[in-house]
Amino acid sequence: MSEEQYREFPCDICGATDPVEVPHSRGYTNDQPVHICRRCGFVYVVRRRSAERIAEVWSTEIFGGTYTAAIPAVTARLTYVAEFLATTVGLDGRKVAEIGAGEGRFLGMVKDRYGAQVFGIEPSAANGRLLEAAGIPHYTGTIEAYVDGKEGSEGAFDLVAVLWTLENCQDCKALLRGAHRLLKPGGVVVVATGSRILVPFKKPLHTYLSTLPADTNSFRFSANTLRGVLAVSGFESVHINRFIDHDILCVIGRRLDDGSPARWSGDDYLDVYGFFERWHVDTAMYFPDQVV
Ligand SMILES: [Zn+2]
């Protein structure tokens with residue numbers, strides 16, 4: 001097997017290149033570093049492979065053809081996002097694209113319940129066959145390849161969904177810029193993630209950080225840094241869910257068309273550092289055998 005090609009990335013939001021490591025993280029990640037930006041507090045992985053390689057690792061080595069979204073927890077969180085959209089920006093009859101459409105569970109739901117016109121962008125060929133069988137129009141490949149290719153439909157959609165995907169891609173800003181290109185002027189993107197920080201601990205640290213290749217989960221968002229990456233990608237955050245006591249952080253951003261960046265503020269990196277220190281202590285209290 002040829003040697004993997006890695007590249008070092010600056011902070012995706014502010015561009016700084018002097019991060020500090022998340023305290024204790026190497027003990028949970030099989031010695032792979034995860035970093036905190038000292039300037040904006042964003043938590044990200046510096047060394048990453050190509051977007052295509054990371055998508056391939058997800059679809060072959062991690063999901064391996066056995067992952068399915070047809071379980072109660074996934075149905076519940078997708079229903080939550082659909083309801084959040086329906087009660088804020090509306091879904092009835094809208095043209096909806098999903099980046100990282102998986103098996104098409106979300107798109108099938110919004111098509112059946114709200115009459116949305118749906119389209120999936122999904123790198124896994126196996127999932128592409130499931131989308132085909134479900135009658136969901138789709139493109140098999142990454143968003144980067146889609147918007148750069150001949151078949152890309154720029155400016156065609158009212159809404160783009162990025163659900164439990166932004167944290168797992170190689171370049172979160174590039175993915176959101178792809179979403180920006182898919183949208184009509186004034187269209188909205190919805191980002192939902194479970195990789196949320198600066199909130200009460202929802203799980204022990206050993207099940208949050210993982211021993212999977214670090215670049216398959218390169219980003220971990222707080223409410224501030226998720227709004228930050230949306231802002232630097234051309235979106236103004238217009239709705240945010242009540243994330244403090246949910247497992248889900250869900251932000252809706254409206255596409256800005258005049259090129260002016262939306263205002264954003266990051267986190268104090270020392271707050272983020274202290275958050276992970278406390279999380280490590282909390283995990284050690286309840287799961288001493290898991291703390292390395
Ligand atoms: Zn930064």
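The values are calculated or read from the model by the stated rules, or taken from the named source; none is laboratory data. Quick caveat: nothing in here was measured; it's all calculated off a predicted structure. Methodologically, a virtual Cβ is constructed for each residue, glycine included, from the backbone with ideal geometry; neighbour enumeration extends over all protein chains shown. The accessibility values were calculated without ligands, DNA or RNA, using every heavy atom of the protein model including side chains. Shrake-Rupley method; radii C 1.70, N 1.55, O 1.52, S 1.80 Å.
Of note:
- Annotation: of all residues in segment 40-49 being part of a loop (DSSP other than H, G, I, E, B) and either at pLDDT below 95 or within 16 Å of PHE9 (Cβ to Cβ) (or both), the one that is farthest from the ligand (Cβ to nearest atom) is ARG49.
- Count - residues of segment 257-290 that are outside any helix (DSSP H, G or I) and open to solvent by 40 Å² or more (accessible area, probe 1.4 Å): 10
- Filtered by the rule that a residue be within 16 Å of the ligand (Cβ to nearest atom) and open to solvent by less than 20 Å² (accessible area, probe 1.4 Å), segment 23-39 gives VAL34, ILE36, CYS37.
- Breaking point among (1) in contact with a strand residue (DSSP E or B) (Cβ under 9 Å, 6 or more places away or on another chain); (2) within 16 Å of the ligand (Cβ to nearest atom), for ALA116: (2)
Residue-by-condition table, conditions (1) modelled with pLDDT under 95; (2) small (Gly, Ala, Ser); (3) within 19 Å of ASN217 (Cα to Cα):
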{"site": "GLN5", "(1), (2), (3)": "yes, no, yes"}
{"site": "HIS24", "(1), (2), (3)": "no, no, yes"}
{"site": "VAL74", "(1), (2), (3)": "yes, no, yes"}
{"site": "ALA97", "(1), (2), (3)": "no, yes, no"}
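- Flag for GLY15 being free of Cβ contacts under 8 Å to residues at least 60 places away in the same chain, away from the ligand (no atom under 16 Å from the Cβ), loosely packed, with under 14 Cβ neighbours inside 10 Å and assigned to a loop (DSSP other than H, G, I, E, B): no
- Looking only at segment 216-268, residues that are modelled with pLDDT under 95 and among the acidic types (Asp, Glu) come to 4 in all.
- Filter pass, PRO137 being open to solvent by 40 Å² or more (accessible area, probe 1.4 Å) and without any contact (Cβ under 8 Å) to a residue 60 or more places away in the chain: yes
- Check on VAL20, within 16 Å of the ligand (Cβ to nearest atom), in contact (Cβ under 8 Å) with a residue 12 or more places away in the chain and surrounded by 15 or more Cβ atoms within 10 Å (Cβ to Cβ): no
- Test: residue in segment 100-110 that is open to solvent by 40 Å² or more (accessible area, probe 1.4 Å), away from the ligand (no atom under 16 Å from the Cβ), in a loop (DSSP other than H, G, I, E, B) and farther than 24 Å from GLY135 by Cβ: no
- Looking across segment 112-134, the residues that are open to solvent by less than 70 Å² (accessible area, probe 1.4 Å), without any contact (Cβ under 8 Å) to a residue 60 or more places away in the chain and of a type outside the set (Asp, Glu) come down to TYR114, GLY115, ALA116, VAL118, PHE119, GLY120, ILE121, GLY128, LEU131, ALA134.
- Put simply, of GLU56, GLU8, GLU61, GLU52 the only residue that is within 16 Å of the ligand (Cβ to nearest atom) and open to solvent by 40 Å² or more (accessible area, probe 1.4 Å) is GLU8.
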